[in-house]
Amino acid sequence: MTSYELISIIIALLAFFTSIFAVFLNNKKASATIELTLNERITTTKEKVSDVSLLMTPLISKKQHDESEKNMLASYSKHFDLAIENNLNAYEEACAKYLDNKVDKVRFKKTYISEIRQVVENVELKKYFDAVSSKYKAILKVYYEWENHEK
Amino acid sequence: MEKLNELGKRYFLRIKDSIYPEAEIDEILNEIDNLTYSENNKPISDSDKEKLVSVIIESLKGDLTRKKIRPLLEHREIEKAYSNDNYLDLIEYIKNQTKGK
């Protein structure tokens with residue numbers, strides 16, 4: 001075997017390991033992209049809740065409402081609930097990705113452990129997290145996993 | 001002849017800065033195969049060729065580790081979890097204010 005052949009073999013081996021490394025990096029990049037998308041959706045849906053609440057504030061602050069204002073408030077309340085549900089859907093999707101191992105699990109837990117706990121334990125959101133009838137199974141599964149509750 | 005270590009580092013920089021690293025590696029391999037000692041103008045030995053390639057490989061591995069692995073590991077460390085405090089306060093406030101209205 002000539003030195004050139006030997007060198008070529010070494011380079012080929014290096015290229016092989018580099019390509020394995022590239023696959024590893026691509027997986028990490030894909031995971032980071034998913035995490036960014038999930039985070040964006042959660043943030044956007046939270047902003048929507050905030051936007052609706054801003055529209056409601058002038059009406060809420062009035063002590064008396066005429067019929068038109070009552071109707072407006074009822075409509076805004078529906079939009080408010082819808083915005084909350086959209087936000088919970090975003091959390092549900094994020095937790096489903098976590099359970100499917102599509103994200104970096106350690107980083108995801110560090111980022112969302114507090115948020116998920118607060119959402120599930122919040123009094124006003126309690127109706128969404130009934131253990132039997134809740135549509136947000138992934139959120140509840142992640143919550144119980146992290147909080148070490150037996151379920 | 002320039003010290004093998006320095007020459008290997010120069011080859012590494014050429015590969016690192018190249019737009020087409022694979023083509024650059026081919027070219028460098030040809031150059032290494034045709035290198036001669038400056039003292040006597042004789043072709044360099046096989047062991048010196050292997051040493052040169054080792055320097056290049058080690059430099060490339062070190063560069064990959066420094067540039068690609070470390071930032072990924074650092075990115076994993078998150079000092080503080082996100083909080084929903086204000087968001088949930090807002091929901092509670094609106095819900096309380098609209099009860100019975």
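Any chance you could run the full-extension gain for residue A:69 through residue A:2? It's 0.36 nm times the residue separation minus the Cα-Cα distance, nm to one decimal. It would help to have the intermediate numbers written out before the result.
Numbers: separation 67, 0.36 × 67 = 24.12 nm, distance 8.98 nm.
Contour length minus Cα-Cα distance gives 15.1 nm.
Tell me, what HN-Hα J-couplings in whole Hz come from the Karplus equation 6.51 cos²θ - 1.76 cosθ + 1.60 at θ = phi - 60° for each residue of the range B:11-27, using x for Gly and Pro?
Residue by residue, the range B:11-27 yields 4, 4, 4, 4, 5, 4, 8, 6, 6, 10, x, 5, 5, 5, 4, 4, 5 Hz.
Angle, helix A:105-121 long axis vs. longest principal axis of chain A, Cα atoms, 0 to 90°, nearest 10?
10
Taking only Cα atoms, what is the 0 to 90° angle, nearest 10, from helix A:67-99's long axis to the longest principal axis of chain A?
20
Between residue A:43 and residue A:82, what is the spin-label point distance in nm, taking each point 7 Å from the Cα along the Cα→C-beta axis?
Each label point is offset 7 Å from its Cα along the Cβ direction, giving 2.5 nm.
Taking the 0 to 90 degree range and rounding to the nearest ten, how far is the long axis of helix A:3-61 tilted relative to the main principal axis of chain A, both from C-alpha atoms?
0
FYI, it's all coordinate maths here, none of it is from the lab. For clarity, every value in this text was computed on a predicted model and none was experimentally measured. As a convention, Cβ positions derive from the backbone with ideal geometry for all residues, glycine included, and neighbour counts pool all protein chains shown.
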